Amino acid sequence: MKFFIDTANLEQIKEAQDLGVLDGVTTNPSLMAKEGITGEENIKQHYLKICELVDGDVSAEVISTDFEGMIKEGEALAALHPQIIVKVPMIKDGIKALKYFSDNGIKTNCTLVFSAGQALLAAKAGATYVSPFIGRLDDISTNGLELIEKIRLIYDNYGFETEILAASVRHTMHVIDCAEIGADVITGPLSSITGLLNHPLTDIGLEKFLADHKKAAQ
Ligand code: E4P
């Protein structure tokens with residue numbers, strides 16, 4: 001299972017990378033705006049900084065919503081760095097763009113996926129990754145994990161190679177549940193990854209080991 005971090009914050013990306021378990025980064029226009037990154041050139045430079053920090057895939061989202069615009073933007077983003085994955089929204093022109101990119105050797109991430117039908121379309125169009133937003137489904141009292149289960153079943157039924165990137169992950173239980181279901185990737189905040197470290201028995205056990213070691217040495 002791959003771990004992506006869902007942020008455009010360079011310090012958090014570096015912290016996750018330093019942990020040694022990071023496989024990539026996802027960003028979106030809201031996350032870029034949160035870091036105060038605006039203007040085409042600054043946005044491109046920021047993507048390059050992220051690519052330099054991590055070894056894996058870096059999703060960069062197009063802003064256009066028409067086919068021609070998405071192709072132009074996506075090709076420019078893909079040309080920036082080999083680690084860039086072009087993130088395309090789940091809309092009609094987005095499906096056409098996914099197919100175009102797939103036919104032209106450009107890797108993609110289909111974003112804003114909230115149903116099994118949308119995930120099926122994304123796979124048919126040749127998306128590299130599909131991003132079902134589980135946290136946002138949970139927010140409206142719809143079980144996001146059930147969607148991951150459905151997509152896993154559908155993709156396995158037909159051997160689709162599109163990777164299931166469970167997005168909008170909010171906490172460690174989402175990560176663990178996605179691992180049980182067999183999602184290929186999760187993307188979430190740094191806390192959803194570092195939180196996996198924590199168990200009180202680990203802390204108590206370590207304290208005791210160190211205390212016993214100290215006592216024996218006296
Ligand atoms: C996916 O790539 C999105 O950036 C993301 O996971 C959105 O998550 P949110 O619902 O926490 O904004």
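Since every read-out is calculated from the coordinates, none of them should be taken as a lab result. Note that this is a predicted model, so its numbers are computed, not measured. With ideal geometry, Cβ positions are generated from the backbone for all residues, glycine too; neighbour counts draw on all protein chains shown.
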- Item | Inter-centroid distance (Cα atoms) of the range 93-112 relative to the range 114-166, Å | 16 Å
- Taking only C-alpha pairs under 8 Å that are 6+ residues apart, what is the relative contact order of the chain in percent? 17 percent
- Enumerate the aspartates and glutamates that Lys49 could reach by cross-link, defined here as Cα to Cα under 18 Å, with residues fewer than 8 away along the same chain left out. Asp6, Glu11, Glu15, Asp18, Asp23, Glu35, Glu40, Glu41, Asp57, Glu61
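Which order do Met32, Met70 fall in if you start with the one that has the fewest other Cβ atoms within 10 Å?
Met32, Met70
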- Message: For the range 66-172, which GluC sites (Glu not before Pro) pass both filters: DSSP loop (anything but H, G, I, E, B) and at most 11 other C-beta atoms within 10 Å?
- Response: Glu161
- Among bridges DSSP assigns within the chain, what percent are antiparallel (round to 5)? 0 percent
- Item | Average Cα contact separation per residue, the range 128-215, under 8 Å, 6 or more apart, as relative contact order % | 26 percent
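Pairs to check: Lys44/Lys124; Lys44/Lys107; Lys44/Lys150; Lys14/Lys87; Lys2/Lys72; Lys14/Lys92. Give those whose C-alpha atoms are more than 26 Å from each other in this structure.
Lys44/Lys124; Lys44/Lys150; Lys2/Lys72; Lys14/Lys92
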- Query: Per Stokes-Einstein, at 10 °C and 1.306 mPa s, what whole-number D in µm² s⁻¹ belongs to the range 163-216, with the Kirkwood radius over Cα pairs as the hydrodynamic radius?
  - Reply: 122 µm²/s
